[in-house]
Amino acid sequence: MNEKRNESICPNPTLNAFDNALSQFDSAAEVLNLKPNQVAVIKQPRRVTEVKLPVRMDDSSIEVFTGYRVQHNIARGPAKGGIRFHPDVNMDEVKALAFWMTFKCALVNVPFGGGKGGVVCDPSKLSLGELERLSRRYFAEMIDLFGPDQDIPAPDVGTNQQVMCWFMDTYSMHHHSFLPAVVTGKPLDLGGSVGRQAATAQGVLYTTQAALEHLGISMKDARVAIQGFGNVGSFSAELFSEAGAKIVAISDVSGAYVNSKGINVKHALEYLAKEHSLAGYDSSGAAEKLDVANQLLELDVDILIPAALENQITSENAGRIKAKVISEGANGPVIPAADRILNEKGVFVIPDILCNAGGVTVSYLEWVQNRSGYYWTENDVREDLSRMMQDSFREVLATSQRYRVSMRVAAFIVAIQRVVRASEMRGLYA
Ligand code: NAD
């Protein structure tokens, strides 16, 4: 994410993301006929850590924040996954996000396990100094968990390149060495990779292009609605528009804005850069504001890209979705009950662990570059990303055809098999 993208996110609190994640696992495990021992070893998180973080605020008071890190599975490599700073962060959400990382990394075949972290805070209400002290305290408190071969964080909602720099510096100072490979999503000046900022959206584009080709739909003038205008949403708007699609609706926490003739994405990005939000975008005359923001999800479009929150498409609204393709930029935007309805309607859902895996794929390339000390060109990165996303898409599609299951179940089938194989070959220590 970048600086303009620290907006408030409030997932539907009545839905437990971890329960949803486990139910997705069960659907695939049933097809694979997994043995109870195999399920027991890989389904639940391996390590769950909660810390209290006292931070001196600018007015000299001390505030105690709560932080989490979950390492879901490390059979295939070090834990990998972002750190979210948000008021609604809770342990179940972090467990779900770590779970998805395990299977996302396995699916795109990068040598990582899954992890995720979070701090319950509202970064938009902290001064830069308070944010730095909180970030450093979080990393210092869990320093023994992290490391280039142990657990490698990255940005997520509410954190950005600056926060990654503080994490990296805290770790490097502690170890008396320059150790950039301990986090990814860093700026270019400190060992970041070209192409990392747009990588998730780039992967959303590659997988959507592959889906459209499979379905015989043209990208040219395809109508697209995007929920969320942060890192994933705003770069998706830019890339899809460059690819010839027509972005007819965008939204952020301030509301949803539509223009059936097509939103001028460059103008919307300039507006966001200036105002730090889309609030008031309708009064510029560029779009109309929807009365109810979630109506964006039900617009008559070809492609819907949820790129903000978990639990957005539920059994309540799934029946009204008109999109032909849903490209899950966000993690967990469609709950299992809604999946069933969408499948019956014939909506082609590109599941999150495939669709938004471009971010972790380029994070992997960043980690490789940090460890070799040799930095690639944008072309090198883009070629690898494109190949890895397209290979993964093809494999998931073939699996879905072979087992006659949805793309989501197929994605889990491919990923679970890889994690099971690694776990069994390693065996149990002690
Ligand atoms: P971000 O903080 O940069 O952006 C989130 C956007 O969602 C903001 O525009 C915010 O205003 C908007 N939003 C908040 N509440 C909303 C609401 N009720 N309705 C509509 N929009 C709302 O976060 P991000 O990094 O873009 O992440 C978005 C999603 O993508 C998350 O689920 C995240 O886990 C997932 N994801 C991110 C990456 C990455 O590389 N950044 C990679 C994979 C998955």
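The values are calculated or read from the model by the stated rules, or taken from the named source; none is laboratory data. Small disclaimer: the values here were computed from a predicted structure and weren't measured. Here the Cβ positions follow ideal geometry from the backbone for every residue, glycine too, while neighbour counts run over all protein chains shown. All accessible areas refer to the heavy atoms of the entire protein, side chains included, with ligands and DNA or RNA removed. Shrake-Rupley method; radii C 1.70, N 1.55, O 1.52, S 1.80 Å.
Report the net charge of residues surrounding Gln369, where surrounding means a beta-carbon distance below 12 angstrom and charges are Lys +1, Arg +1, Asp -1, Glu -1. Show your work: numbers first, answer last.
Numbers: positive: Lys186, Arg196, Arg371; negative: Glu366, Asp380, Asp384.
Combined, the nearby Lys, Arg, Asp and Glu give 0.
Hey, got a sec? Which chymotrypsin sites (Phe, Trp or Tyr not before Pro) in the range 171-224 land in a DSSP loop and have at most 14 other Cβ atoms within 10 Å?
Values: sites: Tyr171, Phe178, Tyr206; in loops: Phe178.
Here the chymotrypsin sites (Phe, Trp or Tyr not before Pro) that fit, given the DSSP loop and packing criteria, are Phe178.
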**Request:** Largest first and to the nearest Å, give the Cα extent of the range 234-284 along each principal axis.
**Result:** 26, 20, 17
**Asked** Quick one: Cα centre-to-centre distance for the range 78-118 and the range 304-347, in angstrom?
**Response** 21
**Message:** What's the ranking of 55-65, 36-46 by average number of surrounding C-beta atoms within 10 Å, highest first?
**Reply:** 36-46, 55-65
**Message:** Counting just the Cα atoms, what span does the range 18-150 cover along each of its three principal axes? Round to the nearest Å and put the largest first.
**Reply:** 58, 29, 23
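First select every other residue whose beta carbon is under 14 angstrom from the beta carbon of Asp151; then total the charges, Lys and Arg +1, Asp and Glu -1.
Numbers: positive: Arg46, Arg47, Arg69, Arg76, Lys80, Lys116; negative: Glu141, Asp144, Asp149.
Its environment carries a net charge of +3.
Rounded, prolate or oblate for the range 250-393? Axes are the square roots of the Cα gyration tensor eigenvalues, ordered a ≥ b ≥ c, and the cut-off for rounded is a/c under 1.5.
oblate
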**Cβ-derived FRET efficiency at R0 35 Å, Ser172 paired with Arg421, nearest 0.05** = 0.50
**Prompt:** Of the residues Gly233, Gly191, Gly244, which exhibits the maximal mean-square fluctuation in a Gaussian network model of the chain defined by a 10 Å Cα contact cut-off?
**Reply:** Gly244
**Message:** For the chain, give me the percentage of DSSP beta bridges that are antiparallel, rounded to the nearest 5 percent.
**Reply:** 50
**Request:** Calculate the radius of gyration of the Cα atoms of the range 310-430 to one decimal place, then report Dmax, the largest Cα-Cα distance, as a whole number, both in Å.
**Result:** 17.3, 53
**Request:** With a cut-off of 16 Å, note down the residues of the range 93-124 whose backbone N falls inside the zone around a label point 7 Å from the Cα of Arg47 toward its beta carbon.
**Result:** 95, 98-99, 102, 112-118
**Request:** Can you tell me how much longer the chain between Val31 and Ser260 gets when fully stretched, taken as 0.36 nm per residue apart minus their C-alpha distance, in nm with one decimal?
**Result:** 78.2 nm
**Request:** Could you check the simple spin-label distance between Ser127 and His267, using points 7 Å along Cα→Cβ, in nm with one decimal?
**Result:** 4.0
**Prompt:** Could you give the length gained on full extension between Glu63 and Asp144, defined as 0.36 nm per residue of separation minus the Cα-Cα distance, in nm?
**Reply:** 26.8 nm
**Fill in**
Stretched fully, the stretch from His276 through Ala243 gains (0.36 nm per residue minus C-alpha distance, one decimal, in nm) 9.3 nm
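Could you state the accessible area per residue of the chain in Å², with a 1.4 Å probe and every protein chain left in place? Mind dumping the intermediate values first?
Numbers: 17420 Å² over 430 residues.
That works out to 41 Å² per residue.
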**Prompt:** If you take the Cα atoms of the range 142-222, find Rg, then find the Kirkwood Rh from the mean of 1/r over all pairs, what is Rg/Rh?
**Reply:** 1.18
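Computing the accessible area with a 1.4 Å probe over protein heavy atoms, can you report the carbon and sulfur percentage for the range 58-165? Walk me through the numbers on the way to the answer.
Values: 1430 of 3130 Å².
Taking all protein chains in place, the range 58-165 shows 46 percent carbon and sulfur surface.
Only helical DSSP H runs with n ≥ 4 go in: add -39500 (n - 2.57) per run for the chain, normalise by residue count and round the 222 nm mean residue ellipticity to 500 deg cm²/dmol. Mind dumping the intermediate values first?
Values: 13 runs with 185 residues, N = 430.
Per the formula, -14000 deg cm²/dmol.
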**Request:** Would you tally the net charge around Ile335, using a Cβ to Cβ cut-off of less than 13 Å, leaving Ile335 out, and scoring K and R as +1, D and E as -1?
**Result:** -4
**Complete:** Accessible-area order for Asp92, Asp352, Asp149, largest to smallest, probe 1.4 angstrom, reads Asp149, Asp92, Asp352
**Complete:** Expressed as a percent, the accessible surface of the range 343-418 that is carbon or sulfur, using a 1.4 Å probe and the full set of protein chains, is 43
**Asked** Hey, could you pull the Cα Rg and Dmax for the range 251-309, both in Å?
**Response** 11.1, 30
**Asked** Using 7 Å Cα-to-Cβ label points, what is the Ala398/Lys220 separation (nm, one decimal)?
**Response** 3.1
**Message:** Based on C-alpha coordinates, I'd like the Rg and Dmax of the chain, in Å.
**Reply:** 20.5, 67
**Message:** Only sites in a loop by DSSP and with at most 10 other Cβ atoms within 10 Å count here; which trypsin sites (Lys or Arg not before Pro) in the range 218-314 make the cut?
**Reply:** Lys220, Lys261
